[in-house]
Amino acid sequence: MTLLQAIIIAIIQGSTEQFPISSLGHAAIVPAILHWPLDLHGEMFLPLLVMLHLGTCVALLVFFWRDWVALFTGAAGRHGEATQMDSIRILALLAVATIPAVVIGGLFEHAIRSLFGTARYAAIFLTLNGVMLLVVDRMRAGLLPGRARSLASLGFGEALLIGLFQCLAFFPGLSRSGACIVGGLLRGLSHENSARFAFLMAQPVILAATVLEALKLRHAPPQPEQMHLAIIAAVVASVVALVCTGILMRYFHDHEDWALRPFGWYCIGAGALSFLYLSF
């Protein structure tokens, strides 16, 4: 892998992990369209994969550090009893929401990606991701007009349901953040609160996946040049992810009525055109 390829992949990871357009789908489709002979999930690229995930996780931690501080200090009782109960509940909801990804991911992730990991499958699922975003964004106005819920008002069953939506991302082309936001919208959250819950939930999941992937490096220690490339890519991915998270959260705050529609149309167009190109 060249430095330019690593930087392009890092930019893709940093932007598409935050936007609801599937980082895994783009990581499969873009190299195929550019005719890069790369298997981004092969052992050769394991250091890059680990560092990209680490860079994304660091960006989310940096952006949401105030949320975590507020939750933990609130849970410790520093802001009153009502805030303490809400903070404890939100932390518990986040913990419950991560359970499906841990269980289903541990059992079925590799099987799903081995069956559907090709670029053409990713293009199909990317198209379906766009359909999902459009349908739910239009449904939401009719389901709960003008009544957005707070995170603390979610039930544990609802948090588990949002966690199940997150597992759709095991199919390359279906967006993790997009699926979580869709799950939140269907339970009456605003786009902004759905995204906030999705990104807070993502951090322990991404960190756990990074640790598991890093443990595999014990059996095949990376060469110095591999690590240099991976570190550069991680820094690029982290900066891009930080910027994109800020843009997305502001965008959701300002465009509550139709926030997912541009991403939905993009996914349908990009997925359909990519499938046609890769097929013919």
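The values are calculated or read from the model by the stated rules, or taken from the named source; none is laboratory data. Predicted model, so just to flag it, every value in this text is computed and none were measured. Heads up, the Cβs are rebuilt from the backbone with ideal geometry, glycines too, and the neighbour counts pull from every protein chain shown. Accessible surface is based on the protein model in full, side chains and every heavy atom, while ligands, DNA and RNA are left aside. Shrake-Rupley method; radii C 1.70, N 1.55, O 1.52, S 1.80 Å.
Let a ≥ b ≥ c be the square roots of the eigenvalues of the Cα gyration tensor of the chain; is it rounded (a/c under 1.5), or, if not, prolate (a/b larger than b/c) or oblate?
Details: a/c = 1.88, a/b = 1.31, b/c = 1.43.
It is oblate, given that a/c is not under 1.5 and a/b is not larger than b/c.
Annotation note: trypsin sites (Lys or Arg not before Pro) in segment 51-151 located in DSSP loop regions with a Cβ neighbour count of at most 14 within 10 Å are 78, 147. Axis of helix 191-216 versus longest Cα principal axis of the chain: the two differ by about 40°, to the nearest ten degrees.
State the percentage of accessible surface on the chain attributable to carbon and sulfur atoms; use a 1.4 Å probe and exclude ligands, DNA and RNA.
On the way: 9270 of 13180 Å².
With neighbouring chains kept in place, the figure for the chain is 70 percent.
Given their separation in residues at 0.36 nm each and the Cα-Cα distance between them, residue 255 and residue 95 gain 54.7 nm when the chain is fully extended. Comparing 105, 25, 264 in a Gaussian network model of the chain where C-alpha atoms under 10 Å apart are linked, the largest mean-square fluctuation is found at 105. Relative to the longest principal axis of the Cα atoms of the chain, the long axis of helix 81-116 makes an angle of roughly 30 degrees. Helix 65-75 versus the longest principal axis of the chain: what angle, 0 to 90°, nearest 10, using Cα atoms? The answer is roughly 40 degrees.
Label sites at residue 108 and residue 35, each approximated as a point 7 angstrom past Cα along Cα to Cβ, lie 3.8 nm apart. For the chain, the per residue solvent-accessible surface stands at 47 Å², with DNA, RNA and ligands left out and a 1.4 Å probe.
As a test of the formula, what do you get for the chain when each DSSP H run with n ≥ 4 contributes -39,500 (n - 2.57) and the sum is divided by the residue count, at 222 nm and rounded to the nearest 500 deg cm²/dmol? Here the helix-only value at 222 nm equals -26000 deg cm²/dmol.
Between residue 277 and residue 72, what FRET efficiency follows from the Cβ-Cβ distance if R0 is 41 Å, with the result rounded to 0.05? Computed FRET efficiency for residue 277 and residue 72 comes out at 0.30.
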